[in-house]
Amino acid sequence: MIPAIMPSYGKPELAFERGEGLYLYTTDGQRYLDFGAGIAVTVAGHSHPHLVQALVTQAEKLWHTSNLYRIPQQERLAERLVANSFADTMFFCNSGAEAVEASLKLARKYHHDSGREGRYRVISFEGSFHGRTLTTISAGANAAHKKGFGPMVDAFDHVPFGNLNAVRDAITEETAAILVEPVQGEGGIFPASAEFLQGLRDACDEFGLLLIYDEVQCGIGRTGKLFAHEHSGVTPDVMAVAKGLGGGFPVGACLATEEAALGIVAGTHGSTFGGNPLAMAVANAVLDIVLADGFLDQVQKIGAELGRRLSDVAQRHPKVIETVRGIGLMWGIKCVGPNAELGAKLSENGLLTVLAADNVVRLLPALIVEQSHVDEACRILEKSCVELEG
Ligand SMILES: *Cc1c(COP(=O)(O)O)cnc(C)c1O
């Protein structure tokens with residue numbers, strides 16, 4: 001008999017009752033060190049007092065009005081993100097897929113309204129992930145996500161990640177935009193080089209295309225900058241963010257330059273829940289933390305430390321770990337054996353991680369992670385490697 005919850009997630013066994021900082025506690029009292037953070041979402045850890053306070057305070061006043069009315073918390077969040085990014089304007093939604101979807105719609109409308117109506121195709125990359133709606137599985141490169149859901153939205157041309165020649169060869173009269181993750185997450189933690197992003201920017205400028213970054217996973221401080229592309233200095237025209245933005249409250253956003261958003265006027269796009277007061281209150285509280293003086297420097301520092309420590313473990317256990325790669329607090333352990341085996345072993349030993357493609361186990365701890373947590377995680381990794389070798 002089918003369970004009451006559609007079986008699209010396999011059969012997870014663990015269930016948690018509460019969380020505090022970097023730790024999660026199961027319904028039967030077991031403690032886990034959380035280096036998955038709800039898939040790069042809970043940037044301030046679990047039950048951060050500042051976020052709880054923001055949510056409770058807002059909940060006591062007003063939950064929801066819709067965008068038929070002004071939402072002051074939304075205006076404040078948008079102004080803060082504008083002040084801290086390339087963007088001039090933004091649209092709020094509720095998830096990563098919706099943020100990407102809005103970005104893609106924006107690109108079509110931009111070309112339509114600037115007299116280049118035939119431009120609708122988007123170049124995206126092998127190994128990419130952009131969400132699970134029909135359009136975003138079409139944009140992404142995961143064959144398993146597409147199987148049985150065809151026909152795909154025929155608007156994407158996939159080329160190898162990092163290959164500028166292939167990108168330039170794929171540009172036609174119908175190309176509207178290039179969509180890229182500055183750090184591929186689900187694909188297995190592959191940071192794009194600054195040269196690659198610059199090459200994409202140059203191609204977009206030369207052919208009149210929009211450059212769209214998908215920073216749903218790598219944005220909001222994850223890499224030690226507010227947005228991952230800041231490491232390269234190469235800005236996009238449009239950018240999707242979500243995961244970390246609400247620290248666990250569902251929210252997404254499509255950020256854009258004034259030029260890229262030229263086609264968006266009243267009635268062109270919308271969302272009932274998008275930018276609702278609860279989500280905005282929490283997202284503002286997340287920004288209070290992430291934008292605090294020195295916070296992102298600390299993310300870079302502890303992230304580099306985590307990377308060094310992981311490399312040490314990898315060197316001692318070449319039979320288990322092929323390599324580690326990453327940036328900031330976004331690390332991938334490429335396994336020799338099946339990644340699910342290492343992931344399960346880590347979980348058995350009290351460390352939660354997330355699997356990714358390319359046989360990778362991802363470490364994506366809350367950005368408030370401390371040295372003691374890094375020590376504990378690396379001890380568990382070491383122990384798990386020894387057990388897998390034995
Ligand atoms: C998670 C993710 C998405 C999709 O976000 P949802 O909130 O699950 O819709 C899109 N792009 C990237 C890069 C992601 O990591």
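Brief remarks on what is shown
- Selection count, region 140-181, where residues are under 17 Å from Gly208 (Cβ atoms) and assigned to a strand (DSSP E or B): 6
- Matching residues in region 366-390 - criterion: being buried (at least 24 other Cβ atoms within 10 Å of the Cβ) and farther than 23 Å from Val336 by Cα: Ala366, Leu367, Val369
- All positions within region 107-162 that are at positive phi and either within 16 Å of the ligand (Cβ to nearest atom) or open to solvent by 50 Å² or more (accessible area, probe 1.4 Å) (or both): Gly115, Gly127, Gly131, Gly148
- Residue within region 36-49 that is over 22 Å from the mean Cα position of the chain (by Cα), outside the structural domain of Gly96 (by TED's automatic domain parsing), away from the ligand (no atom under 16 Å from the Cβ) and in a loop (DSSP other than H, G, I, E, B) present: no
- Here region 167-218 is the region considered, the condition is being among the hydroxyl-bearing types (Ser, Thr, Tyr) and more than 15 Å from the ligand (Cβ to nearest atom), and the residue that is most open to solvent (accessible area, probe 1.4 Å) is Thr172.
- Every residue from region 219-236 that is without any contact (Cβ under 8 Å) to a residue 60 or more places away in the chain, closer than 15 Å to Leu81 by Cα and more than 16 Å from the ligand (Cβ to nearest atom): Glu230
- Some residue of region 117-124 being assigned by TED's automatic domain parsing to the domain that holds Tyr213, under 17 Å from Glu181 (Cβ atoms), part of a strand (DSSP E or B) and of a type in the set (A, V, I, L, M, F, W, C): yes
- The set of residues in region 69-80 being part of a helix (DSSP H, G or I) and either among the acidic types (Asp, Glu) or within 16 Å of Gly274 (Cα to Cα) (or both) consists of Pro72, Gln73, Gln74, Glu75, Arg76, Leu77, Ala78, Glu79.
- Exclusive hit being away from the ligand (no atom under 16 Å from the Cβ), assigned to a loop (DSSP other than H, G, I, E, B), within 17 Å of Ile212 (Cβ to Cβ) and among the polar types (S, T, N, Q), set Ser85, Ser66: Ser85
- When Leu81 is tested against (1) open to solvent by 40 Å² or more (accessible area, probe 1.4 Å); (2) under 18 Å from the mean Cα position of the chain (by Cα), exactly one condition is not met: (1).
- Residues (closer than 20 Å to Gly247 by Cβ, touching a strand residue (DSSP E or B) at 6+ places or on another chain (Cβ under 6 Å), assigned to a helix (DSSP H, G or I) and among the small types (Gly, Ala, Ser)) located in region 90-112: Gly96, Ala99
- Some residue of region 220-235 being over 15 Å from Cys254 (Cα atoms), in contact with an Asp or Glu (Cβ under 8 Å, 6 or more places away or on another chain) and buried (at least 24 other Cβ atoms within 10 Å of the Cβ): yes
- Condition check for Leu245: away from the ligand (no atom under 12 Å from the Cβ), crowded, with 24+ Cβ neighbours inside 10 Å and within 22 Å of the chain's Cα centre (by Cα): no
The values are calculated or read from the model by the stated rules, or taken from the named source; none is laboratory data. Everything quoted here is computed from the prediction, not taken from an experiment. Positions of Cβ are backbone-derived with ideal geometry, glycine not excepted, and every protein chain shown enters the neighbour counts. Remember, those area values only see protein heavy atoms, side chains included, never the ligands or the DNA or RNA. Shrake-Rupley method; radii C 1.70, N 1.55, O 1.52, S 1.80 Å.
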